[in-house]
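Read the structure below first, then the notes.
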Amino acid sequence: MIRIGIVDNDPYALSALGDVIERLDTEFTLAWTATLGAVAISRCLNPAKRPDVLLTDMSMGDVPGTEVCRAIRVKTPAVGLVGVTSYAIASFRDEAARCGAQALVGKTDLPGMALAIRNAARGLPTEPAIAGRGSDGEEASGVDDDHPPFLDAASAHTLLEDSAYATRGALSAKERDTLRLYAEGLTTKEIAEHLGVSGATVATFERRALAKLGARSRAHAISICIRRHEI
């Protein structure tokens, strides 16, 4: 079964979309609905409430759908993200792709929605068809050198995580050394002695490093640094 969460600030549209979802495919099950983007973000970052796929409206009052996608994707690749809209796809397509969504579909495009959900549940992208025909008569996909592609969830997460890290600032030498020494198995006391500082200062180095990396834990911070060849 594919567990689906839906967020839309219009309660009537939310109810209608919820009714449609479980009829689209026998494998689809509605996990929950929300009218606030902040609630959807919180649930998607909670392993106990996390759906396989989140459908998010693009136009919402508290948090735009693109920012819902970005807030989730920068933290985790575990949720497939599908944007939905009643407006022209082209209005939101590029920003949805940049914010880590796997697809963007019209609310009335039920076959396209079903395909996007199935792909997103596997972390895979689906390119939308944007209105318009090419000179050869084929429908334009809307993707060329001027448009960012929709990425798989893992790649989008890495890209946004790296971008967030760059804006937060690079690790200082002490912060990097602290993570490196923890990775080598040293205790806080041993690291303090090695660096010639107090244990409280080591804890401060670690806390600052985690904040800059956007890491959930010491182990997560170390894994990020190893992947980037920083320690």
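For the reader, a short list of remarks on this structure follows.
- Some residue of the stretch 97-104 being assigned to a helix (DSSP H, G or I), basic (Lys, Arg) and without any contact (Cβ under 8 Å) to a residue 24 or more places away in the chain: no
- Filtering Ile89, Ile72 for residues that are crowded, with 17+ Cβ neighbours inside 10 Å, in contact with a strand residue (DSSP E or B) (Cβ under 7 Å, 6 or more places away or on another chain) and closer than 22 Å to Thr108 by Cβ leaves a single hit, Ile89.
- Just so you know, in the stretch 22-66 the residues that are of a type in the set (Val, Ile, Thr) and part of a strand (DSSP E or B) include one that is most open to solvent (accessible area, probe 1.4 Å), and it is Thr33.
- Test result for Leu151, assigned to a helix (DSSP H, G or I), surrounded by 18 or more Cβ atoms within 10 Å (Cβ to Cβ), at pLDDT 75 or above and out of contact with any strand residue (DSSP E or B) (no Cβ under 6 Å at 6 or more places or on another chain): no
- In the stretch 94-126, residue surrounded by the most Cβ atoms within 10 Å (Cβ to Cβ) [restricted to those that are of a type in the set (Lys, Arg) and closer than 20 Å to Thr158 by Cα]: Arg98
- Cβ separations smaller than 8 Å between residues 6+ apart or across chains give the following pairs from the stretch 211-230 residues that are free of Cβ contacts under 8 Å to residues at least 12 places away in the same chain to residues that are buried (at least 19 other Cβ atoms within 10 Å of the Cβ) and among the aliphatic types (A, V, I, L, M): Ala215/Ala209; Ala215/Ala221; Ala215/Ile224; His220/Leu213.
- Looking only at residues in the stretch 158-179 that are under 17 Å from Glu95 (Cβ atoms) and open to solvent by less than 50 Å² (accessible area, probe 1.4 Å), the one that is modelled with the highest pLDDT is Leu160.
- Filtered residue count, the stretch 181-209, keeping only those that are out of contact with any His (no Cβ under 8 Å at 6 or more places or on another chain), free of Cβ contacts under 8 Å to residues at least 24 places away in the same chain and part of a helix (DSSP H, G or I): 14
- Here Asp19 does not qualify as among the charged types (D, E, K, R) and touching a helix residue (DSSP H, G or I) at 6+ places or on another chain (Cβ under 9 Å).
- Identity of the residue in the stretch 67-116, in contact with a Cys (Cβ under 6 Å, 6 or more places away or on another chain) and either more than 21 Å from His147 (Cα to Cα) or acidic (Asp, Glu) (or both), that ends up modelled with the lowest pLDDT: Ile72
- Residue check for Ala96: under 12 Å from the mean Cα position of the chain (by Cα) and of a type in the set (A, V, I, L, M): yes
The values are calculated or read from the model by the stated rules, or taken from the named source; none is laboratory data. Model, not experiment: these values are computed from the prediction. Reconstructed Cβ throughout: ideal geometry from the backbone, glycine too, with neighbour counts over all protein chains shown. In case anyone asks, the SASA skips ligands and DNA or RNA and just uses the protein heavy atoms, side chains included. Shrake-Rupley method; radii C 1.70, N 1.55, O 1.52, S 1.80 Å.
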